[in-house]
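Please read the structure below before turning to the comments.
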Amino acid sequence: MKVVGINGSPRKEGNTAKLIQAVFNELNRLEIDTELISLSGQNMIRGCTACGACIKQKDKRCIITDDFFNVCLEKMIAADGIILGSPVYSAGVTSQIKALIDRASMVLAANRGLLKYKVGAAVIAARRGGAISAFDTLNHFLHSKEMFLVGSTYWNMAYGNSIGEVEQDQEGMLNMKNLGENIGWLLKKIHCESR
Ligand SMILES: Cc1cc2nc3c(=O)[nH]c(=O)nc-3n(C[C@H](O)[C@H](O)[C@H](O)COP(=O)(O)O)c2cc1C
């Protein structure tokens, strides 16, 4: 079993990465494989151009092939679980992860069921405000793709600004640890019963 975590922050090793890693630590303890995917630098994804090619072609791909999108979508389709992570930018998600979910929404609308029955969760790093709004945006994507959303002891967010500061948010970090446990529990139930 494998869970991919997609970090929508331009800071590859920033707070969002640390939150996803905290979830991964629990998954790894439960012997579930993980892969952290950053959308920063060369993995930058452009926005949807609304060309409609994916709707016509139905080939599980976006017609824009010179960026990281198709590789990222293939990794999501191959995984058993998907964690989407973003820092709060201007009371919402980053443009990097918004580009991913916009384009994925179109390709997946044209090719239904590719994420069906996967396990998903959103995690958010914030300095102060807007975390719920960003959390909702990512959850709306996961929810509309027939995935099972996993909860924890609070909404999956933690507070910090400079790199590493989220690790001082004890409640936020405990929430991530528990989220990892809950994702692992559900994945094991699904995979034991679907054999
Ligand atoms: C362009 C920009 C916009 C931001 N907007 C917000 C905001 O609206 N609310 C907030 O709480 N933090 C905001 N922040 C702070 C980040 O959410 C915070 O520093 C977060 O921990 C960064 O996570 P990262 O290290 O994974 O990038 C903003 C940061 C940047 C660079």
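Report every pair of residues separated by at least 6 positions or lying on different chains whose Cβ atoms are under 9 Å apart, first residue within segment 49-66 and at positive phi, second not in a helix (DSSP H, G or I). Here the result reads 58/111; 60/111; 60/114, each pair linking segment 49-66 to a residue that is not in a helix (DSSP H, G or I). Test residue 163 against the stated conditions and say whether it is within 16 Å of the ligand (Cβ to nearest atom) and part of a loop (DSSP other than H, G, I, E, B). Yes, satisfied. Among the residues of segment 7-25, are any closer than 25 Å to residue 188 by Cβ, in a loop (DSSP other than H, G, I, E, B) and in contact with a helix residue (DSSP H, G or I) (Cβ under 8 Å, 6 or more places away or on another chain)? No; the residues of segment 7-25 include none that is closer than 25 Å to residue 188 by Cβ, in a loop (DSSP other than H, G, I, E, B) and in contact with a helix residue (DSSP H, G or I) (Cβ under 8 Å, 6 or more places away or on another chain).
Among the residues of this structure, residue 75 does not count as one that is within 16 Å of the ligand (Cβ to nearest atom) and in contact with a strand residue (DSSP E or B) (Cβ under 8 Å, 6 or more places away or on another chain). Only a single criterion out of (1) assigned to a helix (DSSP H, G or I); (2) away from the ligand (no atom under 12 Å from the Cβ); (3) buried (at least 17 other Cβ atoms within 10 Å of the Cβ) is not satisfied by residue 3, namely (1). Just so you know, in segment 78-129 the residues that are on the phi > 0 side of the Ramachandran plot and more than 16 Å from the ligand (Cβ to nearest atom) include one that is surrounded by the fewest Cβ atoms within 10 Å (Cβ to Cβ), and it is 113.
Bear in mind that the values in this text are calculations on the coordinates, not laboratory data. Predicted, not measured: the structure shown is a model, and the values here were computed from it. Positions of Cβ are backbone-derived with ideal geometry, glycine not excepted, and every protein chain shown enters the neighbour counts.
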